[in-house]
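S.K.: Take this structure, written in structure tokens, and hold onto it; I'll ask about it next.
The values are calculated or read from the model by the stated rules, or taken from the named source; none is laboratory data. Given the structure is predicted, the values throughout are model-derived calculations rather than measurements. In this analysis, Cβ positions are derived from the backbone assuming ideal geometry, glycine residues included, and neighbour counts consider all displayed protein chains. Areas reflect the complete protein model, heavy atoms only, side chains present, ligands, DNA and RNA absent. Shrake-Rupley method; radii C 1.70, N 1.55, O 1.52, S 1.80 Å.
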Amino acid sequence: MTPSTTTVVVPTVGRPTLAVFFSALARQSRRVSAPVILVDDRPSGPDLAQWLVQEVPHHGLDVRVLRAGGGGPARARNIGWRHSRSRWVSFLDDDVVPDRDWYETLADDLARAETRDCVGSTGRVRVPLSGHRPPTDWERGTAGLETSRWITADLSYRRDALSEVGGFDERFPRAFREDADLALRLGGERRILDGARWITHPVRPADDWVSLRQQAGNADDFLMRAVHGRDWHRRADAPVGRRPRHLAVSAAAVLALAGLVARRRALALAGLAAWTAGTVELAWARIAPGPRDADEVRRMVLTSAAIPLAATYHAARGALRHRGARPWRGLPELVLLDRDGTLVHDVPYNGDPARVRPVDGVRESLDRLRAEGVRLAVVTNQSGVASGRLTREQVDAVNARVEELLGPFDVVEVCPHGPTDGCGCRKPAPGMLKRACEETGVDPGRAVMIGDIGADVEAAAAAGVSAVLVPTASTRAEEVAAAYRVAPSFATAVSSVMAGEW
């Protein structure tokens, strides 16, 4: 297997390490022929494509830059893989340094994964630490990446497997647990193979309060619990952590405050003593293995006083927010679209491109889907060809005008037959929908149809595709009543699809 069977996806927030990362890719022992998709997850900022030309002018890589707009690493990775067209997708972080033979070894790793019918392959991570002193609390946390499982700093997945489960769960807003969640949904260690390639993950600079901010990850643990059950820690080989102790220390703080408010001195002192003991124990557990210099001791004491309360707050927030959460479904890979009455105003037997008028808001909604990497296909009945009212050339000219006004489509399927021709493509028959899925390589279960009449919904059901009906004046009441999902407008339909309601 050649490495070009993969696409390299790199989410970024524009860290200075990005130049080092691309320099390492450019100096690989085997030239990187795979496309590289750089997903810019900053809410705003200068064009990274231009920056790359200036900072690494001779990198020789096939780089495409996409915008994610600050949606978090899970969404950025999803945008990246949905825009890819290779069999495999290899995710790297923007602050790692691949070994010089990383790309060459990647080919061997993916070939081994294919041989064993695995859907994923993990890289190996080294975290360089100072040899002159013990590591700080932050450095020890980063060094834990060396033994953690399924780290997206270097992780390759088969694209069809990502599509099957909808990719990364975007309800994880930070780079924490989203990797374990995806791995468990894909079968865990039974289907994800340890690779032989290596990356270096330097310890990023951090301020005094980084450990306090990390407590927000406690909310993510409750999403894991809701989706994967109480034993998810065991299956993900993840430490349980100190949450029970944090809860006890937080309860002691509340007890002390309650005693103070109620003017019950003994109660307040008991709570204060318990809180102090718990805080001292946590601080020492973090100070003892470290360098124990003044700055580290100060950081550990200050943050240890606040961490139990922060951890308990975020755990409670996660328990409430994610109660009853279901496994992630994500976006469809393909949206099938009726033409007349859905994308453009219906002009019966229209053969004149000049009469094409898009429905209000359709272009903006289609561009939203395109930006996420969702493929688009038009499936349209044109019985005017069979009856002689239209020529195929006229139909094609109108379709070309639709694309000119609404942007490109991955597939355009036309049925030229009449109602009595007995073909398998005219909606409500599923032929055009099935062909569109085949041409794009998308499983019908990962596709959704948007149309304006019952025939669109029936064709979708026959093809194994979900459907959303957007009624117009031509839609019969019984068709609306029979549809499982109905939206008042095309824009609303697209919004519901992008929210996972399809």
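S.K.: Evaluate Rg over Rh across the stretch 302-368, taking Cα atoms for both radii and Kirkwood's formula for Rh.
M.R.: Using Cα coordinates only, the ratio equals 1.44.
S.K.: A follow-up question, please. For a bin width of 5 Å, list the pair-distance distribution of the stretch 392-502 built from all Cα-Cα distances, rounded to whole %.
M.R.: For the stretch 392-502, the pair-distance distribution reads 2, 11, 18, 21, 25, 16, 5, 1.
S.K.: Right, here's the next one. More than 14 Å apart: what percent of Cα pairs in the stretch 70-133 qualify?
M.R.: When every Cα pair of the stretch 70-133 is considered, 70 percent fall beyond 14 Å.
S.K.: Taking only Cα atoms, what is the 0 to 90° angle, nearest 10, from helix 431-440's long axis to the longest principal axis of the chain?
M.R.: Helix 431-440 sits roughly 50 degrees off the main axis of the chain.
S.K.: Considering only DSSP beta bridges where both residues belong to the chain, give the percentage that are antiparallel (nearest 5).
M.R.: 20 percent
S.K.: So what is the relative contact order of the stretch 400-468, in percent, for Cα pairs below 8 Å that sit 6 or more residues apart?
M.R.: Taking the mean separation of contacting Cα pairs over the length of the stretch 400-468, I get 27 percent.
S.K.: Report Rg(Cα)/(2.2 N^0.38 Å) for the chain, keeping two decimals.
M.R.: Against the compact-globule rule of thumb, the ratio is 1.17.
S.K.: Something else now. Tell me the carbon and sulfur percent of the accessible area for the stretch 26-169, rounded to whole percent, probe radius 1.4 Å.
M.R.: 47 percent
S.K.: Would you work out what percent of the accessible area of the stretch 262-362, with all protein chains in place, is carbon or sulfur (probe 1.4 Å)?
M.R.: The nonpolar share, carbon plus sulfur, comes to 59 percent.
S.K.: Provide the net charge surrounding L433, with neighbours chosen by a C-beta distance below 9 Å and charges set as Lys +1, Arg +1, Asp -1, Glu -1.
M.R.: Net of charged neighbours comes to +2.
S.K.: Under 8 Å for C-alpha pairs, at least 6 residues apart: give me the relative contact order for the stretch 232-348, rounded to a whole percent.
M.R.: Relative contact order comes out at 23 percent.
S.K.: A follow-up question, please. From the phi angles alone, apply the Karplus equation (6.51, -1.76, 1.60; θ = phi - 60°) to the stretch 99-116 and give each ³J(HN,Hα) in whole Hz, x where the residue is Gly or Pro.
M.R.: Here the 3J(HN,Hα) series is 4, 5, 9, 4, 5, 5, 5, 4, 4, 5, 4, 5, 5, 5, 5, 5, 4, 9 Hz.
S.K.: Just the number: Rg to Rh for the stretch 112-259, Cα atoms, Kirkwood Rh, two decimals.
M.R.: Over the Cα atoms of the stretch 112-259, Rg/Rh equals 1.03.
S.K.: Moving on to the next point. Per residue, how much accessible area does the chain have with a 1.4 Å probe, in Å²?
M.R.: For the chain, the per-residue accessible area is 46 Å².
S.K.: Using the basic label-point model (7 angstrom from Cα toward the beta carbon), what is the D396 to T17 distance in nanometres?
M.R.: Taking the two extended label points, one gets 5.2 nm.
S.K.: Taking the convex hull of the Cα atoms, report for the stretch 1-96 its projected area averaged over all directions, in nm².
M.R.: Projected over every direction and averaged, the Cα hull of the stretch 1-96 covers 5.7 nm².
S.K.: On to the next question. What does the charge count near R375 come to, summing +1 for each Lys or Arg and -1 for each Asp or Glu among other residues with Cβ under 12 Å from its Cβ?
M.R.: 0
S.K.: As a check on your grasp of the helix formula, calculate [θ] at 222 nm for the chain: sum -39500 (n - 2.57) over DSSP H runs of n ≥ 4, divide by the residue count, round to the nearest 500.
M.R.: Taken over the chain, the calculation gives -13500 deg cm²/dmol.
S.K.: Related question: Compute and list, largest first, the equivalent-ellipsoid semi-axes of the stretch 150-208 from the alpha carbon gyration tensor, each √(5λ) rounded to a whole angstrom.
M.R.: 23, 17, 9
S.K.: In whole Å, what is the distance between the alpha-carbon centres of the stretch 97-135 and the stretch 4-49?
M.R.: Taking the Cα centre of each part, the stretch 97-135 and the stretch 4-49 sit 17 Å apart.
S.K.: While we're looking at this one, here's another question. What's the carbon and sulfur percent of the stretch 381-487's accessible surface, probe 1.4 angstrom, rounded to a whole number?
M.R.: 50 percent
S.K.: Could you work out the local net charge near R234, counting Lys and Arg as +1, Asp and Glu as -1, over the other residues with Cβ closer than 14 Å to its Cβ?
M.R.: 0
S.K.: Another question, if that's okay. Would you mind working out the magnitude of the charge dipole of the chain relative to its Cα centre, with +1 at each Lys and Arg C-beta and -1 at each Asp and Glu C-beta, to the nearest 20 Debye?
M.R.: Its charge dipole is roughly 1940 debye.
S.K.: Next question. Which ³J(HN,Hα) values in Hz, rounded to whole numbers, follow from the phi angles of the stretch 158-168 under the Karplus curve 6.51 cos²θ - 1.76 cosθ + 1.60, where θ = phi - 60° and Gly and Pro get x?
M.R.: For the stretch 158-168, the Karplus curve yields 5, 5, 5, 5, 4, 5, 4, 10, x, x, 6 Hz.
S.K.: Just report the Cα centroid separation between the stretch 198-251 and the stretch 373-393, whole Å.
M.R.: 53 Å
S.K.: Please express the Cα-Cα pair-distance distribution P(r) of the stretch 251-307 as a list of whole percents, one per 10 Å bin, running from 0 to the bin with the greatest distance.
M.R.: 26, 39, 24, 11, 1
S.K.: From the square roots a ≥ b ≥ c of the eigenvalues of the alpha-carbon gyration tensor of the stretch 443-493, which class results: rounded (a/c under 1.5), prolate (a/b over b/c), or oblate?
M.R.: oblate
S.K.: Relative contact order, percent, of the chain when contacts are C-alpha pairs under 8 Å separated by at least 6 residues?
M.R.: 12 percent
S.K.: Relative to the Cα centre, what is the charge dipole magnitude of the stretch 309-351, using +1 at the beta carbon of each Lys and Arg, -1 at the beta carbon of each Asp and Glu, and rounding to the nearest 20 debye?
M.R.: Roughly 600 debye for the stretch 309-351.
S.K.: Kindly state, to the nearest 0.05, the FRET efficiency for V480 paired with E164, given R0 = 35 Å and r defined as their beta-carbon distance.
M.R.: Here the calculated transfer efficiency is 0.65.
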